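Participant: For reference, the structure I am asking about is given below.
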Amino acid sequence: MKIAYIYRQLNERDFKVLLTIEKYMPRYEYVAIEIIDKETRLPPNLLNYSLLKLNKLKLIKRRTGSYVGYCLTYLGYDCLALRTLVERGVLAALGDKMSVGKESDVYEGLTPANEKVIVKFHRAGRTSFKHIRRVRTYAAEKSEYPWLLQAKIAAEREYKVLDELYKVKARVPKPLGRSRHVVVTEFIEGIELYRYKEAINPLEILRKILETIRKAYLDVGVVHGDLSEYNIMIQVSNGNEEPYVIDWPQFVEKDHPSAPQLLERDVNYVIKFFKKQYRIDISREPALKYVKGEVDEI
């Protein structure tokens, strides 16, 4: 079932139960029904009805054995995040799923003003914990750390860095709001770079991408860390091609031990792609010096 369809079936009582489970999940793998009962103060019959409903909709997962307890699923966390975004006036409707990645789902959405937006649900639990630890410097040290909180950390990081990058006029989508593991940004009417075959001025596109890498490094103090033709969008308007760099949760600070290697990798990868795709040949060393601020022109 679609998230929006499930969301519309929930009432205040259901959200009260979900919020209680969320509150105690950092403390317990499964929140005991006695705790939920005490916190919500709902009549037993209404509480049981809500728990059965939420379990059937797969918003929570039930545990039996030495005690009966419940934990949130990603779907339950989704609904809590959507509710907050709706209450804040950031989001009014959720549309179709646009893409599915290893660590996120991306949907179209609408604001109360009927403007299209991107709604990104972080899904840290799709990859193994060892993989997260290896490639994400923000990952928690203990394997029992709840995956929902890992996704929340990823969303917090991405929203924060997008906000800082947007303020220095880097070419990134404007961040509009965040709740838990969900980030809402402006909708870029464009096409992924890897699918953009007939570029009008590929050299200018490359220069603009390198300028964004430079602004990130010099003005914000971060390195994207995973830049490729798959997370660059090209927006074309009246013959003007604007590249937007997306997907920032894996960034590292410039003083991180891996930053020099990742910065060089980002620059080399983009240059290599433009040489192969558009036959644009820029030397790597001058480009790297440019993004580091050692020279002012490429």
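Participant: To the nearest 500 deg cm²/dmol, what mean residue ellipticity at 222 nm is calculated for the chain from DSSP H runs of n ≥ 4 alone, each contributing -39,500 (n - 2.57), summed and divided by the residues?
Facilitator: -13000 deg cm²/dmol
Participant: Let me ask you something else. Name all residues of the stretch 204-235 having a backbone nitrogen under 15 Å from the label point set 7 Å from the Cα of residue 189 along its Cα→Cβ direction, giving them as ranges.
Facilitator: Taking a point 7 Å out along Cα→Cβ of residue 189, the residues of the stretch 204-235 whose backbone N falls under 15 Å are 234-235.
Participant: Per residue, what accessible area does the chain have, given a 1.4 Å probe and all protein chains present, in Å²?
Facilitator: Here the residues of the chain average 52 Å² of exposed surface.
Participant: Excluding residue 235 itself, what net charge comes from residues whose Cβ is under 14 Å from its Cβ, given Lys and Arg +1 and Asp and Glu -1?
Facilitator: With Lys, Arg at +1 and Asp, Glu at -1, the neighbours total -1.
Participant: Still on this structure, I have one more. Could you compute the net charge surrounding residue 200? Neighbours are other residues with a C-beta less than 12 Å from the C-beta of residue 200; K and R count +1, D and E count -1.
Facilitator: Overall, the nearby charge balance is -3.
Participant: Quick check for me: using +1 on Lys/Arg Cβ and -1 on Asp/Glu Cβ, what's the dipole size of the chain about its Cα centre, in debye to the nearest 20?
Facilitator: Numbers: 51 positive and 41 negative charges, 222 e Å.
Here the chain has a charge dipole of around 1060 debye.
Participant: Order the peptides 185-194, 16-25 from the highest to the lowest mean number of other Cβ atoms within 10 Å of their residues.
Facilitator: Averaged packing, sorted descending, gives the order 16-25, 185-194.
Participant: Same structure, new question: So how do 239-251, 32-44 stack up, highest first, on mean other-Cβ count within 10 Å? Don't skip to the answer; put the middle values down first.
Facilitator: Values: 239-251: 19.6, 32-44: 14.5.
Taking the mean over residues of other Cβ atoms within 10 Å, the ranking is 239-251, 32-44.
Participant: Here's a follow-up. Once the piece of chain linking residue 29 and residue 110 is laid out straight, how much longer is it, given 0.36 nm per residue of separation minus the C-alpha distance between them? The partial results should precede the final answer.
Facilitator: Numbers: separation 81, 0.36 × 81 = 29.16 nm, distance 3.46 nm.
So the extension gain works out to 25.7 nm.
Participant: Cross-link partners among aspartates and glutamates for residue 152, C-alpha distance below 18 Å, same-chain residues fewer than 8 apart left out?
Facilitator: Filter leaves 22, 29, 78, 103, 105, 141, 144, 163, 247.
Participant: Across the stretch 13-25, in residue order, what do the Karplus-derived ³J(HN,Hα) couplings come to in whole Hz, using 6.51 cos²θ - 1.76 cosθ + 1.60 with θ = phi - 60° and x for Gly and Pro?
Facilitator: 5, 4, 5, 4, 5, 4, 5, 5, 4, 4, 4, 9, 5
Participant: So what's the net charge close to residue 155: Lys and Arg +1, Asp and Glu -1, counting the other residues with Cβ under 9 Å from its Cβ? Could the numbers behind the result be given before it?
Facilitator: Numbers: positive: 120, 152, 157, 178, 180; negative: 156, 158.
Neighbourhood net charge equals +3.
Participant: How would you rank 155-162, 106-113, 196-203, highest first, on the average number of other Cβ atoms within 10 Å across their residues? Present the calculation step by step, with values, prior to reporting the outcome.
Facilitator: Numbers: 155-162: 20.9, 106-113: 16.4, 196-203: 13.2.
For the peptides 155-162, 106-113, 196-203, the packing ranking is 155-162, 106-113, 196-203.
Participant: Further question: Probe radius 1.4 Å, ligands and nucleic acids ignored: give me the carbon and sulfur share of the accessible area of the chain as a rounded percent.
Facilitator: Numbers: 7410 of 15560 Å².
Using a 1.4 Å probe with all protein chains present, the chain comes out at 48 percent carbon and sulfur.
Participant: Need one word for the stretch 1-134: rounded, prolate or oblate. Basis is the Cα gyration tensor (sqrt eigenvalues a ≥ b ≥ c); a/c below 1.5 gives rounded, then a/b vs b/c decides. Each step should come with its number before you reach the end.
Facilitator: Numbers: a/c = 2.33, a/b = 1.34, b/c = 1.74.
Oblate shape, in that a/c is at least 1.5 and b/c is the bigger or equal ratio.
Participant: Let me have the relative contact order for the chain, percent, based on Cα pairs under 8 Å that are six or more residues apart.
Facilitator: In percent, rounded to a whole number, it is 12.
Participant: Hey, what's the per residue convex hull volume over the C-alpha atoms of the stretch 174-222, in cubic angstrom?
Facilitator: 121
The values are calculated or read from the model by the stated rules, or taken from the named source; none is laboratory data. Keep in mind that what you see is a predicted model, and the values were worked out from it rather than measured. Here Cβ is always computed from backbone atoms with ideal geometry, including for glycine, and neighbour counts include all displayed protein chains. Surface accessibility is based on the protein's heavy atoms, side chains included, excluding ligands, DNA and RNA. Shrake-Rupley method; radii C 1.70, N 1.55, O 1.52, S 1.80 Å.
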